[in-house]
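The values are calculated or read from the model by the stated rules, or taken from the named source; none is laboratory data. Note that the coordinates shown come from a computational prediction; the quantities given were computed from them, not determined experimentally. When we count neighbours, we look across all protein chains shown, and the Cβ atoms used for this are built from the backbone with ideal geometry, even at glycine.
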């Protein structure tokens, strides 16, 4: 059930927005953010506060989609599900229904983790916001002071002090001054730990095989104090164009990054690199707290597709770097342990030297040499990380 919380928001308009967002997610398989922008446009709210209220409701409504199907007993039109959601209903008893995740995904994780899977999915119902201090443009102290001046309460990570967990903020994160000035970047801590596993250093040559939009690329540059040579590859020319602009805004030196539009499964390179990051395209099941639409759009077929894609990219990139960090934002072994096992004869596994390293799933030959980050343990997105040495 939803509490609208603002009498100025007309119920009919409120319902229209929610139904429209779910329709976009179901029909076009897009994220909640994309769906909301398409539906809301410039008409749905008269103020920033009202827009945020609608956006938050849309996120919670889409997150409850599986639960609503369980309660209704059949697939219904989005507008009918909105009525059910607003009217209130009794919580379903089936665990996958109560957690509002697809049955196949619940069964898969329960087989891997047992009752711990419930805690994992419960953690994915609440997004934990992290900011990464952009030390190419500011300092930890400067960003913290800037946030405090706007009434934001943060907690500095003990493991990685440039990472700040937002405890309370009076306004949306994207509107905070330090974010608008690119002195801080919304960046999940698990995603930052991936780059720590890569261990970029001054003077390194680094191949970033799936680079856009470039948040990890900018962290590579930051950790190497801008004195690094990065080859950034992405299959999309449009994303590379956007990435170029973002890197300049983040203060990444132009000479630090060379861009290339190519398919990393097939790309042929003349140069060998010290290190490579394969942040492979994946199902993003580890990011359901960030995008509730994943609860609606994820399928076994999509996981199988991305697993094949990851294997192709990893096998090719292993030819071009002495050390390779492979990672996915996935909670499934099909996009982690099982991918790494296919290339075990081509490289030596080396346990990532990171301060946050949870146990991978048991029963795989690579389990003792790789890491997983879990939402319910690390207050992060779900990630898999493996380091491989080829020379």
Only one of 357, 329 is surrounded by fewer than 21 Cβ atoms within 10 Å (Cβ to Cβ) and either under 19 Å from the mean Cα position of the chain (by Cα) or not assigned by TED's automatic domain parsing to the domain that holds residue 299 (or both); which? 357
Yes or no: residue 362 in the same structural domain as residue 193 (by TED's automatic domain parsing) and either crowded, with 17+ Cβ neighbours inside 10 Å or more than 23 Å from residue 104 (Cα to Cα) (or both)? no
Looking only at the range 140-160, count every residue that is within 16 Å of residue 219 (Cβ to Cβ), touching a strand residue (DSSP E or B) at 6+ places or on another chain (Cβ under 7 Å) and surrounded by fewer than 16 Cβ atoms within 10 Å (Cβ to Cβ) and tell me the total. 1
Only listed residue being exposed (fewer than 13 other Cβ atoms within 10 Å of the Cβ) and either part of a helix (DSSP H, G or I) or modelled with pLDDT of 95 or more (or both), chosen from 27, 38, 79: 27
Restricting attention to the range 107-119, does a residue exist that is closer than 24 Å to residue 285 by Cβ, buried (at least 19 other Cβ atoms within 10 Å of the Cβ), touching a helix residue (DSSP H, G or I) at 6+ places or on another chain (Cβ under 7 Å) and outside the structural domain of residue 27 (by TED's automatic domain parsing)? yes
Wholly inside the range 202-314, helices (runs of 4 or more DSSP H) that include 2 or more residues that are buried (at least 23 other Cβ atoms within 10 Å of the Cβ), at pLDDT 95 or above and over 18 Å from the mean Cα position of the chain (by Cα) are 215-223
Identify, by number, the condition in (1) in contact with a helix residue (DSSP H, G or I) (Cβ under 6 Å, 6 or more places away or on another chain); (2) over 22 Å from residue 127 (Cβ atoms); (3) not in a helix (DSSP H, G or I) that residue 70 doesn't meet. (3)
Among (1) more than 23 Å from residue 130 (Cβ to Cβ); (2) touching a helix residue (DSSP H, G or I) at 6+ places or on another chain (Cβ under 8 Å), the one test that residue 233 misses: (2)
For the range 172-189, which residues satisfy the criterion of being in a helix (DSSP H, G or I) and within 19 Å of the chain's Cα centre (by Cα)? 173, 174, 179, 189
Answer yes or no: is there a residue in the range 332-342 that is modelled with pLDDT of 95 or more, surrounded by fewer than 19 Cβ atoms within 10 Å (Cβ to Cβ), more than 20 Å from the chain's Cα centre (by Cα) and not in a helix (DSSP H, G or I). no
Can you name the number of the only condition in (1) modelled with pLDDT of 95 or more; (2) exposed (fewer than 14 other Cβ atoms within 10 Å of the Cβ); (3) closer than 23 Å to residue 169 by Cβ that residue 103 fails? (3)
Mind checking which residues of the range 348-372 are within 16 Å of residue 335 (Cβ to Cβ), out of contact with any strand residue (DSSP E or B) (no Cβ under 6 Å at 6 or more places or on another chain) and outside any loop (DSSP other than H, G, I, E, B)? 367
For residues that are outside any helix (DSSP H, G or I) and closer than 30 Å to residue 226 by Cβ, tally how many sit in the range 107-165. 26
